[in-house]
Amino acid sequence: QGQLAESGGGLVQAGGSLRLSCKASRYIFSVNARGWYRQAPGKQRELVAAITSGGSTNYADSVKGRFTISRDNAKNTVYLQMNSLKPEDTAVYYCNYDTLGGGYWGQGTQVTVSS
């Protein structure tokens, strides 16, 4: 659909930080929640973090205390600040908007954490 575009991925050493951004190309109506998912090779896609329209957040246990999801409604952008990165965080990270009309996905951005 091309409605969401992620950026900010890359190669970082363990212990480093990255900030991912997901910008919507237009205003998307009836958003229940915005989230970040990731998929490592040979594994299923998993939820990393999500923020509801009301501002509530939830995180996978594996990233609690290290990752922070936030949004800027004026910029139609959601962010994922990732600190204290570990090699096991290596994956393709996808942005998702969950709406009443269905889900929107970005194309993904690669995050690689070297040990």
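In table form, for the structure just shown:
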read-out	value
³J(HN,Hα), Karplus 6.51/-1.76/1.60, whole Hz, each residue of the stretch 74-81, x for Gly, Pro	5, 9, 6, 10, 10, 10, 9, 8
Accessible-area order (highest first, 1.4 angstrom probe) of the listed residues ARG66, ARG26	ARG26, ARG66
Residue of ILE69, ILE51, ILE28 that the Gaussian network model of the chain assigns the largest fluctuation, springs spanning Cα pairs under 10 Å	ILE28
Electrostatic dipole magnitude of the chain [Cβ: Lys, Arg +1; Asp, Glu -1; Cα centre; debye, to 20]	160 debye
Accessible surface, 1.4 Å probe, highest first, among residues TYR27, TYR79	TYR27, TYR79
Under 19 Å from LYS64, Cα to Cα: lysines that are on another chain or at least 8 residues apart	LYS86
Estimated vicinal HN-Hα couplings, Hz - the stretch 107-115 in sequence order (Karplus 6.51, -1.76, 1.60; Gly, Pro = x)	7, x, 9, 7, 10, 10, 10, 8, 8
Full-extension gain in nm, ARG45 to GLU88, via 0.36 nm per residue minus C-alpha separation	14.1 nm
For the stretch 41-48, 3J(HN,Hα) per residue [Karplus equation, 6.51 cos²θ - 1.76 cosθ + 1.60, θ = phi - 60°, Hz, x = Gly/Pro]	x, x, 10, 6, 5, 10, 6, 9
Contour excess over end-to-end distance, with Cα ends at ASN32 and SER53 and 0.36 nm allotted per residue	7.0 nm
Spin-label model distance (nm) - THR112 vs LYS75, 7 Å beyond Cα toward Cβ	2.7 nm
Fully extended contour minus Cα-Cα distance, from ARG66 to GLN3, at 0.36 nm per residue	19.9 nm
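The values are calculated or read from the model by the stated rules, or taken from the named source; none is laboratory data. The shown structure was predicted, so the numbers you read here are calculated from the model rather than taken from an experiment. We place every Cβ from the backbone using ideal geometry, glycine too, and count neighbours over all the protein chains shown. Quick note on the areas: whole protein, heavy atoms, side chains included, nothing else; ligands and nucleic acids left out. Shrake-Rupley method; radii C 1.70, N 1.55, O 1.52, S 1.80 Å.
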